[in-house]
1. Looking only at residues in segment 63-86 that are assigned to a strand (DSSP E or B) and in contact (Cβ under 8 Å) with a residue 60 or more places away in the chain, which one is nearest to G15 (Cα to Cα)?
2. When the residues of segment 6-38 are narrowed to those that are under 20 Å from N73 (Cα atoms) and of a type in the set (V, I, T), which ends up surrounded by the fewest Cβ atoms within 10 Å (Cβ to Cβ)?
3. Please enumerate the residues belonging to segment 48-62 that are assigned to a strand (DSSP E or B) and among the hydrophobic types (A, V, I, L, M, F, W, C).
4. Please identify the pairs in which a residue from segment 87-100 that is closer than 22 Å to Q2 by Cβ has its Cβ atom under 7 Å from the Cβ atom of a residue that is open to solvent by less than 40 Å² (accessible area, probe 1.4 Å) and polar (S, T, N, Q), counting only partners at least 6 apart or on another chain.
5. For G115, work out the one condition from (1) touching a Leu at 6+ places or on another chain (Cβ under 6 Å); (2) over 12 Å from L19 (Cβ atoms) it doesn't fulfil.
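The values are calculated or read from the model by the stated rules, or taken from the named source; none is laboratory data. All figures in this text were calculated on a predicted structure; none of them were measured in a lab. Here the Cβ is made from the backbone with ideal geometry for all residues, glycine too, and neighbour counts use every protein chain on show. Protein only, heavy atoms only, side chains kept; ligands, DNA and RNA dropped before computing areas. Shrake-Rupley method; radii C 1.70, N 1.55, O 1.52, S 1.80 Å.
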Amino acid sequence: VQLQASGGGLVKTGGSLRLTCAASGRTFSRCVMGWFRQALGREREFVAALTTTGGSTYLADSVRGRFTISRDNAKNTVFLQMNSLKPEDTALYYCAADEPPYGSMVTEYAYEYWGQGTQVTVSS
């Protein structure tokens, strides 16, 4: 699976962005998909994940109520809708894919495939 993240940019506090992760490969529909982020000088952290059908989603406490993760298996795409953005959301955002057997959805080591990252900058 190859992943390509896009949609990052510069936005003011309270604004919105929609990140897209386009995947290639025939196994996408069997992959758990996740988004992680890494701010400058900090470790990479879990943001959101969802199951193969999108029936179950998981969000970090810091983004719950503001971010939404979804997927379109017909288009091999995963989305991260980010609303009410805050300066502390500034980071490089990565999408990731976990093939079966699945690991913990909130742990980066469970994911075998990673995109290149897209920068999100929220100005105050």
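1. Kept after step one, since they are assigned to a strand (DSSP E or B), are these residues of segment 63-86: 67-72, 77-82.
When the remaining residues are screened for being in contact (Cβ under 8 Å) with a residue 60 or more places away in the chain, the result is 79-82.
On the way: F79: 17, L80: 14, Q81: 11, M82: 8 Å.
Selected residue: M82.
2. T27
3. A48, A49, L50, L59
4. Every condition considered, the pairs that remain are Y93/T118; E99/T27.
5. (2)
Yes or no, residue by residue, for (1) farther than 18 Å from P87 by Cα; (2) outside any strand (DSSP E or B):
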{"site": "Q4", "(1), (2)": "yes, no"}
{"site": "L10", "(1), (2)": "no, no"}
{"site": "G14", "(1), (2)": "no, yes"}
{"site": "L19", "(1), (2)": "no, no"}
{"site": "A22", "(1), (2)": "yes, no"}
{"site": "R26", "(1), (2)": "yes, yes"}
{"site": "R37", "(1), (2)": "no, no"}
{"site": "R42", "(1), (2)": "no, yes"}
{"site": "F46", "(1), (2)": "no, no"}
